[in-house]
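Okay, so here's the structure we're looking at.
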Amino acid sequence: MAQIITITEAASFQIKDMMKEHEEENAYLRVGIKGGGCSGLSYGMGFDHDKQEGDVELEFYGIPVLIDKDSAPALKGTVIDFKQSMMGGGFTIDNPNAIASCGCGSSFVTATNKGTPEEC
């Protein structure tokens, strides 16, 4: 069975730096999806201190990660990485379930979840 998500070592270093910078070392990293964006679904990542009923809990490089049960199917096999370039750096999300995405790469749709598309 494929893991729901994978967070690379490069991404985990960046997340740990952000946790330290925002004094969130004891928080979970919550990863999920919600309706919206150009294509219909948008990714969300943030810090959370409360585990909800039905959350899937994972750990990558010492970072506790929570995924809500509704987001898990659309995220199965997703890889979160951090890329550094001359123009700066940013997180990249490679989701094998996305059958279409918008130009910005932060909004997508899956075969089974169309979300709620918005005007760009």
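The values are calculated or read from the model by the stated rules, or taken from the named source; none is laboratory data. Keep in mind that what you see is a predicted model, and the values were worked out from it rather than measured. Virtual Cβ from ideal backbone geometry, glycine too; neighbours counted across all protein chains shown.
Of note:
- Residues in region 63-110 that are at pLDDT 90 or above, outside any strand (DSSP E or B) and of a type in the set (S, T, N, Q): Ser71 alone.
- Within region 19-53, being under 21 Å from Asn95 (Cβ atoms) and outside any strand (DSSP E or B) holds for Gly37, Cys38, Ser39.
- Only a single item in (1) part of a strand (DSSP E or B); (2) aromatic (Phe, Trp, Tyr); (3) at pLDDT 95 or above is not met by Phe13, and it is number (1).
- The single condition among (1) over 21 Å from Asn97 (Cα atoms); (2) in contact with a Leu (Cβ under 8 Å, 6 or more places away or on another chain); (3) not polar (S, T, N, Q) that Met86 does not meet is (2).
- Long-range neighbours under 9 Å by Cβ, at least six apart or interchain, first residue of a type in the set (S, T, N, Q) within region 63-84, second crowded, with 19+ Cβ neighbours inside 10 Å and assigned to a loop (DSSP other than H, G, I, E, B): Thr78/Asn95
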